[in-house]
Amino acid sequence: MIVSPSLYSMHFDRFKEEMDALNSCVEWIHFDVMDAHFVPNLTFGPGICKTVRKNTELFLDVHLMVDDPEHYADVFAQAGADSIVFHYEVFNDIEECKRLLNKIRGMYLKAGISIKPGTSIETIKPLLPYLDIFLLMSVEPGFGGQSFMPEALDRVKELSDYRKENGLDFIIEVDGGVSDKNAHDLLSRGADALVAGSYVFNGDIRANVEKLRKCE
């Protein structure tokens, strides 16, 4: 089980304290990049990513919710990302997605696709052999603190079954409303990595991460 706290919910006035806590208890850090076009919110640029990189050796998992993922893939690769995940819906085209996935891998990064809750798993199955990470949104992307959509459980199971049946090895990551109330159900259906923002950062980071781990 990989725990990947989303820095979207970090208290940046306590940056060092919270980075120290993350460095002691998690494997990944999730970095949400929003451009106020693809989604209606605006978040971090590469400067923040560089600062985070200087303060951790953890795997930096960059999730691009932007209209121009090719440009931002280059920018965040240079800023210290370990993986770049972009949205299928930007292109709605399998071949364009493959091209960018191959480009990301060519930069020696893990490459991934994400889909919104309304996009069917069936649509993106041709891409699954080309992925290192599949990021399944269990809320509508763009805002933190949303409630988990329970239909995501069946979507995780569908992905996990397809992965097993076809001998694939991509990581299934789930993002949105994740907590100790749904972590066990997600993991039992085949999720490998859980993104948690407000759940982790509201209170004692180490204790909240430990609660998630007890769901395994």
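Read the figures in this text as sums done on the coordinates, not as results from a lab. The shown structure was predicted, so the numbers you read here are calculated from the model rather than taken from an experiment. When we count neighbours, we look across all protein chains shown, and the Cβ atoms used for this are built from the backbone with ideal geometry, even at glycine.
In the range 126-138, the qualifying residues are those that are buried (at least 20 other Cβ atoms within 10 Å of the Cβ) and assigned to a loop (DSSP other than H, G, I, E, B), and the one that is farthest from the chain's Cα centre (by Cα) is L131. Going through the range 205-216 one residue at a time, which ones are outside any helix (DSSP H, G or I) and either touching a residue at least 40 places away in the same chain (Cβ under 8 Å) or buried (at least 20 other Cβ atoms within 10 Å of the Cβ) (or both)? Within the range 205-216, just E216 meets the criteria.
Restricting to the range 154-199, name every residue that is assigned to a helix (DSSP H, G or I) and either in contact with an Asp or Glu (Cβ under 7 Å, 6 or more places away or on another chain) or β-branched (V, I, T) (or both).
V156, L187, listed by residue number.
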